[in-house]
1. What nm value, rounded to one decimal, do you get for the distance between ARG13 and GLN142 when each label is placed 7 Å out toward the C-beta?
2. Going by average Cβ density within 10 Å per residue, which order do the peptides 27-35, 287-295 take, highest to lowest?
3. Return ASP305, ASP260, ASP172 ranked ascending by Cβ neighbour count within 10 Å, so the fewest neighbours appear first.
4. Round to the nearest 0.05 the FRET efficiency obtained for GLU76 and ARG214 when R0 = 45 Å and r is the Cβ-Cβ distance.
5. What does the C-alpha gyration tensor say about the overall shape of region 159-207? Classify as rounded when a/c is under 1.5, otherwise prolate if a/b is larger than b/c, or oblate.
6. Among ASP82, ASP205, which comes first, then next, by fewest other beta-carbon atoms within 10 Å?
7. Dipole size in debye (nearest 20) for region 131-318 around its Cα centre, Lys and Arg Cβ +1, Asp and Glu Cβ -1?
8. Taking other Cβ within 10 Å of each residue's Cβ, how do MET1, MET174 sort, fewest first?
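Every read-out reported here was derived from the displayed coordinates using simple, explicitly stated rules and does not represent laboratory data. Quick caveat, the model's predicted, so the values are computed rather than measured. Cβ atoms come from the backbone with ideal geometry, glycine included; neighbour counts cover every protein chain shown.
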Amino acid sequence: MTFDLHGVAVEVRSNRSDLLALVARRLQFFAGAPAVRPEARFELQATEAHVVSPPAVTTRTVYEPETGEVLYDEGEDELYVDYGQVRALCRLGRGEVLVSVLEPVAEAAWAATRPLFTLPLLELLKRRSVYSVHAAGVSSGQHAVVIPGGSGAGKTTLALALVRGGFDFLGDDMLFLSRDGGGPLLLAFPDELDVSETTASFFPDVVGALRRERLPGAVKRQLPANRLPGEVAERARPAVLLFPRIEAGGRSRVEPLTRDEALLELAPNVLLTEPASSQLHLDALGGLVRGSRCFRLSVARDFDDVVEVVGGLVSGTAT
């Protein structure tokens, strides 16, 4: 299969059709033959024994996941990811990724097509001037609201509330940054949404669109982006950076953040691999901060009020 991710041609191959189908679920908005030859190539290989081995040379840890390890070899410019039943070797300079998936594949489907696919993809796109932001995003007209945060911060809950309130959808967990003559540009990544049972209970009208079964290894259920109300946007200008946190009770409240505080929170988005592209990634995040108004939003369950507050923040930017 081939995909066009904001001008970067990506080819995905596998010896298992079920793995290809799971990748296609994530990248359905980018499906179609790109106009150029693939710049990034993925091979997902299901095997009885791993075809990816741990690096034999000196590497350094660039990320510490809850499970496994992520190592970078500067001499070979290679990223190695170990998730136990799934391993990935990313030859960054050559634009090639080999993902090794041990049988039974069904038990490793989520890891193989989610974290072990995403991390190499972000690094390959970084080399092609498309920079990742771990964030949800919505837009109103040409103005985007970027909602950064880790797992459990409230990104999906806030994004769903805003989409139900009339905003267009850009992404649930990942967005991308680029530049054109007008400055920073936010690029959508309308992947399937990962929705917890708690978040689903806040929005009973979306529960029917959730997939009934979780992928093995996933702690949440998936919601196809094309089942959301409203439109799926392709790109927008960043206008508001909104860092969420869950409020146990009371009412939602918003408070300003300085740009230095915002950039400090965004800095962990940069995986410290090859120095030049990593610096450009950090520069892109700096441009995002400079082009946005920055706030902390404590999110309670008064979702209609939250939509009004965020709408006011965007309107203030537009004027």
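1. Reported label-point gap for ARG13 and GLN142 is 4.3 nm.
2. 287-295, 27-35
3. ASP260, ASP305, ASP172
4. 0.80
5. prolate
6. ASP205, ASP82
7. 120
8. Fewest-to-most ranking of MET1, MET174: MET1, MET174.
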